[in-house]
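Notes to accompany the following structure.
The values are calculated or read from the model by the stated rules, or taken from the named source; none is laboratory data. Since we're looking at a predicted model, the values are computed, not measured. Every residue, glycine as well, gets a Cβ built from its backbone with ideal geometry; the counts of neighbours run over all protein chains shown. Calculation scope for accessible area: heavy atoms of the full protein, side chains included, ligands and nucleic acids excluded. Shrake-Rupley method; radii C 1.70, N 1.55, O 1.52, S 1.80 Å.
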Amino acid sequence: MTVNTALTSAVLSTPPAPPSAALTHFAGRLAFEADVSDVHADLEAGLASFVLVDSRSTESWEQGHIPHALHLPTSRIEVEAAAVVPRDRVVVTYCWGPGCNGATRAALAFARLGYQVKEMIGGYEYWVREGFGVETAAGRSTRPADPLTAPVGTDACGC
């Protein structure tokens, strides 16, 4: 085993940004992203003044999707969005999960059409992992929350 005797911080080897730059960066991220828990809370409370759009394929949608979501695959957004998504509504896109940039591509397509848009980080994967309900042709179902992604016994992470 090699011991690091230099005691140089890997975290601080690149200095942190000044607070003003951090403020701009993190406020910017929140302007573009919403997390699974917040989307769920708004849907449950009837506060969803946004349209939740599942940008995955038809096969993926049929495997399971978030209740109340609109299915509009990314490849069809440019042609179909105006007919199914009111221009005065914020769009929140989702795809499979963190390993997929489909929701980002869908958000870009909506932005190109002039919609206000956010991406739901975590996607369908984290919706399911946090124990929230999904719909299929067989009906609605849930799985127990994964304790590595959500607190057990409550919908709110407290963050």
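Some points to look at:
- Taking every DSSP beta bridge that has both ends in the chain, the antiparallel portion is near 25%.
- Near Glu119, the amide H atoms lying under 5 Å from its own belong to Glu33, Ala34, Thr93; only residues 5 or more places off or on other chains count, and H is placed 1.01 Å from N.
- Dipole in debye (nearest 20) - the chain, about Cα centre, beta carbon charges: Lys, Arg +1; Asp, Glu -1: 360 debye
- Accessible carbon and sulfur surface of segment 54-141 relative to its total accessible area, %, 1.4 Å: 51 percent
- Computed on segment 23-159, with alpha-carbon pairs under 8 angstrom and 6+ residues apart, the relative contact order is 25 percent.
- Estimated inter-spin distance, Arg87 and Phe26, nm [label 7 Å along Cα→Cβ]: 3.7 nm
- A Cβ-based charge dipole, computed about the Cα centre of segment 1-74 with Lys and Arg at +1 and Asp and Glu at -1, lands at about 400 debye.
- Figure note: Asp88, Asp54, Asp38, Asp146 ranked by solvent-accessible area, largest first, 1.4 Å probe, ligands and nucleic acids not counted: Asp88, Asp38, Asp146, Asp54.
- Heavy-atom surface of the chain, accessible at 1.4 Å and reported per residue (Å²): 63 Å²
- Think of segment 1-70 as a dipole: +1 on every Lys or Arg Cβ, -1 on every Asp or Glu Cβ, centred on the Cα centre; then among Ile66, Leu52, Gly28, Gly28 lies furthest on the positive end.
- Computed from Cα positions, the angle between helix 36-45 and the longest principal axis of the chain comes to roughly 40 degrees.
- Across Glu33, Glu125, the residue with the most accessible area heads the list, and the full order at a 1.4 Å probe is Glu125, Glu33.
- Between Ser9 and Glu78, the modelled label-to-label distance comes to 4.7 nm, taking each label 7 Å out from Cα in the direction of the beta carbon.
- The alpha carbon radius of gyration of the chain, expressed as a multiple of 2.2 N^0.38 Å, is 1.24.
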